[in-house]
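As structure tokens, the structure follows; a few thoughts come after it.
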Amino acid sequence: MSMIQEVPTMTTKEKPQRAIPEGLTPFDLKQMYEAMIMTREYDERCFKLQRQGRIGFYAGSFGEEACQIGTAFALEQKDWIFSSYRQPGVAMHRGVPLQTMVNNLFGNAEDIVQGKQMPVHYTHKAHHFLSISSVIGTQVIQAVGCAMAAKVKKDDAVAITYFGDGGTSSNDFHSGMNFAAAMKAPCIFALVNNQYAISIPVQKQTGVEVLADKAKAYGMPGFQVDGNDILAVYKATREAILRARRGEGPTLLELKTYRAGPHSSSDDPSRYRSKEETEYWLKRDPIALFREYLTEMELWTEAWETEIRENAQARLSEAIKIAESLPQPAWETLFDDVYSYVPQALADQKEDILAHESGLELTNEGEFPL
Ligand SMILES: Cc1ncc(C[n+]2csc(CCOP(=O)(O)OP(=O)(O)O)c2C)c(N)n1
């Protein structure tokens with residue numbers, strides 16, 4: 001099977017739709033574009049930080065901006081977000097402060113979890129943005145559980161979870177999809193099919209041609225959406241959310257896109273895919289497609305583009321400067337926020353380190369209760 005596929009789409013292949021979708025104003029459209037630019041600038045800058053040795057790791061979302069911003073704009077603040085490590089734009093749009101995100105990358109003393117997570121594993125309770133887990137698929141069942149809780153409490157909120165094509169091979173995807181459909185949980189499964197799980201192409205990940213078809217087996221609607229067309233993503237997400245709020249249960253949205261950059265700062269995509277394939281998808285850059293639409297709607301100018309890019313770059317520079325000037329977390333914080341109470345074994349270890357720091361003899365030396 002050819003690695004280069006046509007983009008099956010709910011809308012058009014070459015051009016986005018020309019009408020403003022229901023629920024959006026021209027102002028929203030400009031906000032969406034600005035959010036896409038911010039997401040791209042964030043990615044580019046963070047990769048540079050990693051290459052300069054200033055942060056340890058980064059996973060980018062280059063090419064996946066429409067999937068992020070299109071879904072994020074369809075959500076309300078009361079809704080719950082369970083993302084993967086590849087949706088910084090969703091966190092930003094939700095209102096997670098840029099400084100909080102950059103502090104995570106540096107794992108400094110102001111980082112919410114004080115360096116206990118890897119970079120790009122954000123968390124922000126106040127904005128219903130749940131802590132990101134590295135373990136593929138875990139966010140799926142967390143989102144379903146949260147959606148069920150919202151349903152029981154009748155608070156009208158939905159949960160959305162983002163995961164990749166590789167994530168559909170995880171046990172948690174199957175458990176989550178089954179449970180959500182059986183219980184009619186108000187959950188949106190945003191499957192970002194960027195066609196790779198690190199170096200494994202989606203064709204080797206599954207026996208199905210179209211990942212959205214998996215929804216049928218669980219008894220929920222599933223749609224394949226052009227993930228590079230932000231308005232198509234927005235419309236599909238909005239419909240799924242309205243359906244969930246009406247009590248009609250979950251939806252699987254396969255957002256078909258392409259991971260235009262490496263999986264993370266640790267791999268070299270030229271080892272497992274062709275330049276021609278990447279070039280093919282770069283011609284379908286979601287930002288360029290949306291810019292074309294905005295230009296036709298007379299909502300885009302070169303001067304505005306420069307202004308929003310410069311603004312994004314200035315915000316990033318400021319946040320990075322602050323994050324780098326902050327100290328590392330104090331070692332004592334290693335023991336905080338792990339358990340709701342401190343188990344004896346950890347209390348002993350903490351005491352030992354304290355004693356060591358003060359030049360005293362160890363009291364619990366040699367005890368490794370784990
Ligand atoms: C359970 C589990 N298995 C393997 C890994 C190693 N791993 C990290 S990212 C990744 C690829 C995930 O691909 P996909 O779900 O398609 O998401 P993408 O990274 O493309 O956004 C793998 C296999 C992991 N983190 N967790």
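General remarks:
- Test: residue in segment 185-192 that is more than 29 Å from R40 (Cβ to Cβ) and touching a Lys or Arg at 6+ places or on another chain (Cβ under 7 Å): yes
- The criterion of at least 2 residues that are more than 16 Å from the ligand (Cβ to nearest atom) and more than 28 Å from I241 (Cα to Cα) is met by the following helices (runs of 4 or more DSSP H) wholly inside segment 14-132: 26-51, 98-106.
- If you go through segment 184-205 and keep only what is within 9 Å of the ligand (Cβ to nearest atom), among the β-branched types (V, I, T) and closer than 16 Å to F173 by Cβ, you end up with V192, I200, V202.
- Of the residues contained in segment 148-160, one or more are found to be small (G, A, S), away from the ligand (no atom under 15 Å from the Cβ) and either under 30 Å from T278 (Cα atoms) or part of a loop (DSSP other than H, G, I, E, B) (or both).
- Some residue of segment 294-301 being out of contact with any Pro (no Cβ under 6 Å at 6 or more places or on another chain), in the same structural domain as A66 (by TED's automatic domain parsing) and charged (D, E, K, R): yes
- Pick from segment 230-255, criterion under 21 Å from D165 (Cβ atoms) and touching a Cys at 6+ places or on another chain (Cβ under 9 Å), ranking: surrounded by the most Cβ atoms within 10 Å (Cβ to Cβ): P250
- Of all residues in segment 15-58 being assigned by TED's automatic domain parsing to the domain that holds E292 and basic (K, R), the one that is surrounded by the fewest Cβ atoms within 10 Å (Cβ to Cβ): R51
- Residues being under 20 Å from L24 (Cα atoms) and either touching a residue at least 12 places away in the same chain (Cβ under 8 Å) or surrounded by 14 or more Cβ atoms within 10 Å (Cβ to Cβ) (or both) - total across segment 285-303: 12
- Every pair of residues 6+ apart whose Cβ atoms lie under 6 Å, when the first sits in segment 263-284 and is assigned to a loop (DSSP other than H, G, I, E, B) while the second is at pLDDT 95 or above: H263/I198; S264/A59; S265/Q50; S265/F57; S265/Y58; Y272/S199; R284/N228
- Close Cβ contacts (under 6 Å, 6 or more residues apart or on different chains) running from residues in segment 189-207 that are over 22 Å from S265 (Cβ atoms) to residues that are more than 9 Å from the ligand (Cβ to nearest atom) and modelled with pLDDT under 95 comprise Q203/M1.
- G227 crowded, with 24+ Cβ neighbours inside 10 Å, among the small types (G, A, S) and within 16 Å of the ligand (Cβ to nearest atom): yes
- Cross-chain or 6+ apart pairs with Cβ under 8 Å, segment 159-182 first and closer than 14 Å to P250 by Cβ and among the polar types (S, T, N, Q), then in a loop (DSSP other than H, G, I, E, B) and within 12 Å of the ligand (Cβ to nearest atom): T161/S83
- Here E209 clears all of (1) in a helix (DSSP H, G or I); (2) away from the ligand (no atom under 16 Å from the Cβ); (3) over 22 Å from M148 (Cα atoms) except the condition numbered (1).
- Hey, A185 among the hydrophobic types (A, V, I, L, M, F, W, C) and in a helix (DSSP H, G or I) or not: no
- Scanning segment 212-224 for residues that are part of a loop (DSSP other than H, G, I, E, B) and either touching a Phe, Trp or Tyr at 6+ places or on another chain (Cβ under 8 Å) or surrounded by 15 or more Cβ atoms within 10 Å (Cβ to Cβ) (or both) yields M220, P221.
The values are calculated or read from the model by the stated rules, or taken from the named source; none is laboratory data. The shown structure was predicted, so the numbers you read here are calculated from the model rather than taken from an experiment. When we count neighbours, we look across all protein chains shown, and the Cβ atoms used for this are built from the backbone with ideal geometry, even at glycine.
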